[in-house]
Amino acid sequence: MLDDGKPLSGLDAVFRPRSVAVIGASDTETKIGGTPLSYLRTLGYTGRIIPINPKAPEIQGLPAYPNIKDAPGPVDLAIIAVPASLAVQALQDCADAGVKGVVMFSSGFAEVSEEGAANQARMHEIARASGLRLMGPNCLGFMNIEERVFATFAPVVGAGVAPKGRIGLVSQSGAFGGFAFSVARERGIGLSYWITTGNEADLGFSESVEWLASDPGTDVIVGYMEGCRDGDGLRRALDACRRAGKPLIVCKVGKTEAGAKAAASHTAALAGEDAVFDGVFRQYNVVRADSIEECLDIAYAASIAGLPKGPRVGLYTVSGGAGVLMADMAEARGLTVPEFSRETQDKVLAMVPFAGTRNPLDITGQVSQIPGASRTALGLMAADGACDTIVSFISAAGLGPAGMEMAGDIAHVRAARPEVMQVVATLPSPAFRKAVEAAGVPVFEDPNRAVNAVAALARIARGFAASGDGTGDTPAPLTVPADCTEPLALAALGERGLPVVDFRHVRTAAEAGQAAEEIGGPVVVKIVSPDIGHKSDIGGVELNLTGRAAVEAAGDRILTAARTKAPGARLDGLMVAPMRRGVAECVIGVQRDPTFGPVVMFGLGGVHVEALRDVVFRAAPFGEAEAKAMIHQVRAIRLLTHPRGSDPADIDALASLLAQVSRIAAASPGLESADMNPVLALTDGAVILDALLIG
């Protein structure tokens, strides 16, 4: 317990209280006001416990008080377990008594009705005015495992407490959080804190994660999210984890395309809530897991073994089939499986002539008949220099007597070569698990789960190594012109220093012909209108036009098509620009997200962008390194890096453009959406060929 004699402040008073009051305390241990009191009394909490109930002088053997204002001494944390009709007054009493933190179990607020929402808003006002911190309402509370603070009525505690460890768990759902706690307990995974945030009238998911990022007793954080109302707060929390070097693994549910329907731009149509969250998680080096099992797998491995030096994995197996299974999973998850040196292979073959030695190293099941073979082979793999992690599959050996010898071999090599992370896949006895975990080696019962966890940790390590990319100088805000057309949009972007195509804005087909002669070579002619967003849909674009006559005829056709197919649109002439050839067409977009504000999209562009949906997002602003990560995330990256019949695209120029767009987006509150499609990636540079701005 934090007891240095100094007053507690901030969230320390909530999560590490020296005194806990239970308002609505009950003698019945199974009641919502009796359960936390019982947990605190019987599970090792050493601070003061203060029952509050006006109807009894003593509860569960402890002196009780009629009101929190009657309680002796300062109270760090109060648990409110009263009906909704009494909850607001109970919170006000806590504020008047100088209580620093409150956990409110009471439900019946914003989750049920407008009246409940109004009462919840009043709670927020009380918390803000008094400075106390409120968790809930409608929450299951929290646990500080090390200091035995059980500010919860969760029944899962009755079945046993998860062991003390260095993983902090934050969940917006009490039921899901309780399930995750139970899974951790049954798997023997150690926790530092377990936090559920409920309705988040004050203290929410983001601030809880941010606090854990600064907690010296927490090395790894697991989160369960259903939504976010404070994008800036979430970004601060994610950044705090990144700066602290603490892996954050999140299970985020609610994959929807909310807001994509009836969108005015490609970017808006593609910027579904889930795609943006996914991009922000990648931006801040957060691993997104698909299940609580995967969350805990990755967190467990990180808490036991730390992070690998890189993505190279050596696979040790007693089964050729299992080796192939692990190798397939490793490469599918972005790990590399390099071949061991000839020297290492020869030494293994001298000891086990029938071994497969390239990688995976298949020592075969006969290894048990060759004394010292497993220790020697593992030592050779670790010393080879070809791998950052060794994953060992030893079948069910972890259950038998030979398993403890193997555990000793693994521990010996881990100690001798601490720079090489190790993970083992086997069915373990409790003694085997204890021995290898003590050596810093996590154990999995499924080899693919072991490899998947290693791959996630390698991604985290790579992300931490790449952290520190600055966002650059803040530009002047971009003002979207009234009735913005493509020529106006291109001109506005060009004024901000972005590379835009040379173009002419003309009024008539005849002027278009003259402009084409001035430009020379093949040109493109487009309709200009503030009311026509996707010009190709109405025949408003013609390409590869050569010669004045051809351009004038095309101009006439385009104007006629626009009048016919968009009769209500305001027409502002034609735009003529040179045809440009490059490596590939890309799209860069901006969308103002309701959670994160301006977000930037990158993908392979052209008219098929919505069909292909090969796009990625990041929250603005970001620097060139993050922009490169975006570019390399698209599935069709080889169209840029390995194009047929062309040199590769200038990724540096493309990243520079993408980062500058992000800075402009962050600095421009009047910019609601932008499409730069296509952006032509060149072998030397990049150029915006078309643009749409919406203010």
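The values are calculated or read from the model by the stated rules, or taken from the named source; none is laboratory data. Note that the structure is a prediction, hence the values are computed from the model and not measured. As a convention, Cβ positions derive from the backbone with ideal geometry for all residues, glycine included, and neighbour counts pool all protein chains shown.
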Checklist line | Set Gly177, Gly204, Gly190: member being surrounded by fewer than 24 Cβ atoms within 10 Å (Cβ to Cβ), in the same structural domain as Met143 (by TED's automatic domain parsing) and within 21 Å of Arg148 (Cα to Cα) | finding: Gly190
Next item on the list: Working only within the stretch 123-158, note down all residues that are touching a Ser or Thr at 6+ places or on another chain (Cβ under 9 Å) and more than 14 Å from Val103 (Cα to Cα).
Entry: Ile145, Glu146, Glu147, Arg148, Pro155, Val156, Val157, Gly158
Check: Of Thr471, Thr426, which residue is at pLDDT 95 or above and either more than 30 Å from Leu657 (Cβ to Cβ) or surrounded by fewer than 20 Cβ atoms within 10 Å (Cβ to Cβ) (or both)?
Finding: Thr426
Notebook entry, point to check: In the stretch 392-410, how many residues are of a type in the set (A, V, I, L, M), part of a helix (DSSP H, G or I) and either in contact with a Ser or Thr (Cβ under 8 Å, 6 or more places away or on another chain) or more than 25 Å from Val324 (Cα to Cα) (or both)?
Noted result: 6
Notebook entry, point to check: Residues of the stretch 368-400 being over 33 Å from the mean Cα position of the chain (by Cα) and not small (Gly, Ala, Ser), which ones?
Noted result: Gln369, Ile370, Pro371, Arg375, Thr376, Leu378, Leu380, Met381, Asp384, Ile394, Leu399
Notebook entry, point to check: Any residue in the stretch 7-27 that is in a loop (DSSP other than H, G, I, E, B), at pLDDT below 95 and over 19 Å from Ile126 (Cα atoms)?
Noted result: yes
Next item on the list: List the number of the failed condition for Ala476; all other conditions in (1) closer than 30 Å to Gly540 by Cβ; (2) out of contact with any strand residue (DSSP E or B) (no Cβ under 8 Å at 6 or more places or on another chain); (3) not hydroxyl-bearing (Ser, Thr, Tyr) hold.
Entry: (1)
Next item on the list: Scan the stretch 117-133 and give yes if some residue there is in contact (Cβ under 8 Å) with a residue 40 or more places away in the chain, crowded, with 24+ Cβ neighbours inside 10 Å, under 19 Å from Glu29 (Cβ atoms) and in the same structural domain as Ile68 (by TED's automatic domain parsing), otherwise no.
Entry: no
Check: Which residue pairs have Cβ atoms closer than 6 Å, lie 6 or more positions apart in sequence or on different chains, and pair a first residue in the stretch 445-458 that is farther than 10 Å from Ala302 by Cα with a second residue that is aromatic (Phe, Trp, Tyr) and modelled with pLDDT of 95 or more?
Finding: Pro447/Phe393; Ala450/Phe444
Notebook entry, point to check: Any residue in the stretch 612-622 that is surrounded by fewer than 18 Cβ atoms within 10 Å (Cβ to Cβ) and either under 42 Å from the mean Cα position of the chain (by Cα) or closer than 20 Å to Asn677 by Cα (or both)?
Noted result: yes
Next item on the list: Looking for whichever is in a loop (DSSP other than H, G, I, E, B) and touching a residue at least 60 places away in the same chain (Cβ under 8 Å) here; the options are Pro371, Pro308, Pro353. Which one fits?
Entry: Pro308
Notebook entry, point to check: Would you pick out the residues in the stretch 552-590 that are within 13 Å of Leu689 (Cβ to Cβ) and not in a strand (DSSP E or B)?
Noted result: Met579, Arg580, Arg581, Gly582
Checklist line | Selection count, the stretch 552-580, where residues are more than 17 Å from Val525 (Cβ to Cβ) and either in contact with a Gly (Cβ under 8 Å, 6 or more places away or on another chain) or touching a residue at least 60 places away in the same chain (Cβ under 8 Å) (or both) | finding: 1
